[in-house]
Amino acid sequence: MNMMKTAMLIAFMTALFMAIGYMIGGTGGMMIALVIALAMNAFSYWNSDKMVLRMHNAVAVDRKNAPEYYGIVESLADRAGLPMPAVYLIKNDQPNAFATGRNPQNAAVAATTGLLERLSQEEVAGVMAHELAHIQNRDTLTMTITATLAGAISMLGNFAFFFGGSRDNNNPFGFIGILAAMIVAPFAAMIVQMAISRTREYSADRRGAEICGNPEWLASALAKIASAAGRTVNVAAERNPATAHMFIINPLNGQRADSLFSTHPDTENRIRALMAMASDMDGRVDRAQPAPQPVEPQPERPSSRPARSGSSGIPKTGRKWGRGGDQGPWG
């Protein structure tokens, strides 16, 4: 079902791309836009995850240079029955995280240093479980391709400024077509992008709570992230706003309302849903399950430093990453 929805989304975005081309350059512009859209769809399917990670300067980490963080993801992936995703770290003070990849076998999760430094080990587990839920629900392909195509449509709308508005340039709509390409079409792409993100966040919240075993961990994490995100500028996200819907909390400032123009549902609504879920789980066996245990290091890598475990059983997050400590990939 998700694959069908993704195909329909790609078809809609491609049609929108072609419509902009027609507004700018008539039939010729539409055909050029079609060729570009087809090439971008193919490229996005195979490489959009790498593009998004590169946009945010994400660095790959493993059990050796980020044992605590890696251990959390590894134990949760094992609990969810998922292949181990690639694990990335973003040097950014804003607490946030996202998942990407075309399928569970080619997926990646990324968290900021701010997330690991500001949240408790249980809260980090809740966040990463949410991202693994996106992978398990196969949301990541749709979210990543949408980010790529929405960014391209917005860029094409900006390019319309440099085209003439007369019929002599094969533009059948004149100045009105240019204006529509500059404003209306990119706005439509933004609406689609935001609507897709909002409908999938609630599902990922619920499944993420099931994976980590405690909805309250994710609820607490969402409250902290939302509060800190509003006070911390994420420069990479501001430069690439088309990727905002991929994060667990909107990384852009001034987008907190639960409205058509928000990339995410209202955080308070998400927290209420999680707390209601926690209440429903009271007394059940899965509510009383211990927190995920770190996966033991593989025998072929005896030199890898094992993750430390706290009282909850989840590997503790490293508090020195991105702060000049000796644990992170930045040294």
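Points to keep in mind about this one:
- Flag if G177 is in a helix (DSSP H, G or I) and modelled with pLDDT under 75: yes
- Which listed residue, of A66, A7, is in contact (Cβ under 8 Å) with a residue 12 or more places away in the chain and either farther than 30 Å from K224 by Cα or not charged (D, E, K, R) (or both): A66
- Taking first residues from the range 69-96 that are more than 20 Å from A221 (Cα to Cα) and partners that are of a type in the set (G, A, S), the Cβ contacts under 6 Å between residues at least 6 apart in sequence or on separate chains come to M84/A77; P85/A107; P85/A108; A86/A108.
- Check on V73, at pLDDT 95 or above and under 19 Å from N137 (Cβ atoms): yes
- In summary, G164 fulfils each of the numbered conditions (1) modelled with pLDDT of 90 or more; (2) outside any helix (DSSP H, G or I) with the single exception of condition (1).
- Restricting attention to the range 98-116, the residues that are touching a residue at least 60 places away in the same chain (Cβ under 8 Å) and touching a Phe, Trp or Tyr at 6+ places or on another chain (Cβ under 7 Å) add up to 3.
- Checking E68 against (1) within 19 Å of N103 (Cα to Cα); (2) in contact with a Pro (Cβ under 7 Å, 6 or more places away or on another chain); (3) of a type in the set (D, E, K, R), the condition it does not meet: (1)
- Within the range 182-291, helices (runs of 4 or more DSSP H) holding 2 or more residues that are at pLDDT 85 or above, within 26 Å of L82 (Cα to Cα) and over 16 Å from the mean Cα position of the chain (by Cα): 185-212, 215-229, 267-281
The values are calculated or read from the model by the stated rules, or taken from the named source; none is laboratory data. All values reported here derive from a predicted model rather than from experimental measurement. Cβ atoms come from the backbone with ideal geometry, glycine included; neighbour counts cover every protein chain shown.
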